[in-house]
1. Checking N162 against (1) within 28 Å of D286 (Cβ to Cβ); (2) exposed (fewer than 15 other Cβ atoms within 10 Å of the Cβ); (3) out of contact with any strand residue (DSSP E or B) (no Cβ under 8 Å at 6 or more places or on another chain): exactly one of these is not met. Which one?
2. Cβ-Cβ below 8 Å, separation at least six or inter-chain, first residue in the range 211-233 and closer than 16 Å to A140 by Cα and in contact (Cβ under 8 Å) with a residue 12 or more places away in the chain, second open to solvent by less than 10 Å² (accessible area, probe 1.4 Å) and among the hydroxyl-bearing types (S, T, Y): which pairs?
3. Just to verify a result, which residue in the range 53-75, among those that are in contact (Cβ under 8 Å) with a residue 40 or more places away in the chain and touching an Asp or Glu at 6+ places or on another chain (Cβ under 8 Å), is least open to solvent (accessible area, probe 1.4 Å)?
4. Would you mention how many residues in the range 76-95 are farther than 30 Å from I245 by Cβ and either polar (S, T, N, Q) or touching a residue at least 12 places away in the same chain (Cβ under 8 Å) (or both)?
5. Identify the residue in the range 12-52 that is part of a strand (DSSP E or B) and open to solvent by less than 10 Å² (accessible area, probe 1.4 Å) and, among all such residues, is modelled with the lowest pLDDT.
6. Six or more apart or on different chains, Cβ atoms under 7 Å: show the pairs whose first residue is in the range 246-269 and closer than 20 Å to M113 by Cβ and whose second is of a type in the set (S, T, Y).
7. Select from the range 272-309 the residues that are open to solvent by 70 Å² or more (accessible area, probe 1.4 Å), over 12 Å from G132 (Cα atoms), part of a loop (DSSP other than H, G, I, E, B) and touching a residue at least 12 places away in the same chain (Cβ under 8 Å) and list them in ascending order.
8. Are any residues in the range 217-256 more than 20 Å from H189 (Cβ to Cβ), under 20 Å from the mean Cα position of the chain (by Cα), hydrophobic (A, V, I, L, M, F, W, C) and part of a helix (DSSP H, G or I), and if so, which ones?
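The values are calculated or read from the model by the stated rules, or taken from the named source; none is laboratory data. None of the values given here were measured: they were computed from a predicted structure. Virtual Cβ from ideal backbone geometry, glycine too; neighbours counted across all protein chains shown. Ligands, DNA and RNA are stripped out before the accessible areas are found, and what is left, the full protein with its side chains, is counted by its heavy atoms. Shrake-Rupley method; radii C 1.70, N 1.55, O 1.52, S 1.80 Å.
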Amino acid sequence: MKPTLLVLAAGMGSRYGGLKQMDGLGPNGETIIDYSIYDAVQAGFGKVVYIVREYFKEQFEQVVKEKYSNVKCLDGTPLQFDFVIQELNKIPAKFTLNPERQKPWGTAHAVLMAKDVIKEPFAVINGDDYYGKESFKIIADWLMDHENTTGQFAIVGFQLDNTLSESGGVSRGICTADAEGQLTHVEEHHEIAKAEDGNVYGNNSKGEKVMLDSKALCSMNMWGFTQDYFTKSEAIFESFLEQNINELKAEFYIPFAIDSMIKDNSAQTELLSTPSHWFGVTFKEDRPGVVAKFQEFADKGIYPTPLYR
């Protein structure tokens, strides 16, 4: 069975939101999502599910269907697509939404919206992050190897110094694993940047400035799940809402759900390592560098140009 790629698409709390993820950065106007779809298909994925906000769905769906209409999977079958809406009121019936809340419920809530359209192992990515060919191959192989397992998930960890921006400090979840390579903790750090002394520093969860291992693995929100993730995450979301239903800004993030499963021993998450360099437009100053990188990929023949015909 071919795995599915779940894309947290435009308007899902991206760094400067809205239509950014339709911003053309490649030599022929390709978006970062375009490159992710290309890499995913080459790695063996057979379906793409987009999570979008309702106000954006119609325009996004039209663009996607036109652009990828001729894309074929490795076995020659057409690439399948689905589009799912995340809205604030999509919560269990026993809860009443605070009418003053405007902020989305977070990435783990977004993933839950796809439970009725995903029946196979699946990966989750951000639509505005470039993950690299190797990363998609690593997670696709893991998903296909775990098609019939339960309680076994994965995260693709990126070497910290392969994810930094020259334009400013970034936030990253630093991963810790046990001797068997199972994730034990993800600690969010902020304002991570390389200093003049060549070392990497950031503020830990306590707000303390600390020196970080530049080779440490960090999360860029690239996860691999089997279908039982939905049932486990739903239960955690209900507990989360019992504590936060009236909070206007509290969000249900994937790392929170995974951490809860680790603590109650209901699931294990394998920490996979990728040699890929992540990049994206975290700051507007990053854009020229990203454009130059995609042009370099085209010049070297790493990707066809145009990417889709």
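1. Evaluating N162 over (1) within 28 Å of D286 (Cβ to Cβ); (2) exposed (fewer than 15 other Cβ atoms within 10 Å of the Cβ); (3) out of contact with any strand residue (DSSP E or B) (no Cβ under 8 Å at 6 or more places or on another chain) leaves (2) as the failure.
2. Hits for this filter: M222/Y131; M222/S135.
3. R53
4. 4
5. The selected residue is V52.
6. Y253/T107; I254/T107; P255/S219; A257/S233; I258/T269
7. The answer is R309, and nothing else.
8. Within the range 217-256, F230, I236, F237 qualify.
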